[in-house]
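Structure first, then comments.
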Amino acid sequence: MSTSPASNPVLVSRPGDSTKLRSGGPSFSQRLLSSRALWPLFLLFLSLPTLLALGSVLVSLFHLDTETLSHLLKHLLPTALGNTLLLVVGTAILSAVVGVTLAWLTAVCDFPLRRFFSWALLLPMAIPGYVMAFAFVGLFEFSGPVQAVLRGWFGSSSWFPNVYSFGGVTLVMSLVLYPYVYLIARNAFQTQGRRSIEAGQSLGLSPVKSFFRVSLPMARPWIVGGVLLVVMETLADFGTVATFNYDTLTTLIYKSWFSLFSLPAALQVASVLLLAVVIIMVIERRSRAAQALLSISTCEPVIIAFCVKW
């Protein structure tokens, strides 16, 4: 019995079909990478050291070293807490002033080597704070070259400010941390574009008044975010304050562990630092929400103006 050609089905192979038949579907690695359950486990693995550290701090609150804690509360903690607050406020203010000023100059003004300084001003971020502290102390302490030259010129350098002071550590911390504010504020001024400048001109404001009444309020959420990063870095710093012999919460944690030999007391002091960080994170989240509301992504690029061209 003969059959017609139309009654016999013809299998037509495509270039991708042979691969699918040989592989039998996605490989194990492909299925593993595409699995939704994998990424939470991966993120949990990465955050495990942080979770263990937080857990140890929380557990220490139920195992109080009363003798060591009473000594800390009476003699060391008030001074360390006060110094920490002063350092945070001083560093935040000075970093904000320096960072915002430099951001405005490099984003809006025209001067020689402006493009060079736009990225060169970020270089302090690559220098650890304790390295900057060593260099600063080596230059300006009593036996350093600066005071030696001053004694040779004037016969005495007793009038020179004490390097190991609140002013010295605040200055060094600000010189290291201001790029956090500078980078974010510069982005804010560039994002505003010419609208803030035109708004100030329409109000009959001078360039300086336009900065304070228009540009600065619009950039406030960005600036607050940068300042909060500075605050968190200041709270976590140990090397810089140790170089200046300036007692803060971080140095108190170190002393509690290695001088008083009480790990529970050190963890309990760390809980105070952790509480401060949590408060800062809450403020930062609210600042980011305000930043999202004030963001202007469709503005034209900023005009280089309002500064004297050399």
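Read the figures in this text as sums done on the coordinates, not as results from a lab. Bear in mind the structure is a predicted one, so any value in this text is a computation, not a measurement. Here Cβ is always computed from backbone atoms with ideal geometry, including for glycine, and neighbour counts include all displayed protein chains.
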Cα-based Rg (one decimal) and Dmax (whole number) for segment 157-218, in Å?
18.0, 54
Test item: Cα-centred dipole of segment 63-294, Lys/Arg +1 and Asp/Glu -1 on Cβ, debye:
880
Shape of segment 126-262 from its Cα gyration tensor (a ≥ b ≥ c, root eigenvalues): rounded if a/c is under 1.5, otherwise prolate when a/b > b/c, or oblate?
oblate
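Subtract the Cα-Cα distance of residue 153 and residue 56 from 0.36 nm times their separation in residues, and report this length gain in nm to one decimal.
Stretched out fully, the residue 153 to residue 56 stretch lengthens by 29.3 nm.
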Between segment 58-105 and segment 120-167, the Cα center-to-center distance that results, in Å:
24
Of the convex hull drawn through the C-alpha atoms of segment 205-288, the volume per residue in Å³ is 100
Computed from the beta carbon distance with a Förster radius of 30 Å, FRET efficiency for residue 164 and residue 111 to the nearest 0.05 stands at 0.25
Compactness of segment 63-294 as Cα Rg over 2.2 N^0.38 Å, two decimals
1.21
Ratio of Rg to Rh for segment 67-153, alpha carbon only, Kirkwood?
1.15
Rg ratio (alpha-carbon, reference 2.2 N^0.38 Å) - segment 61-116
2.12
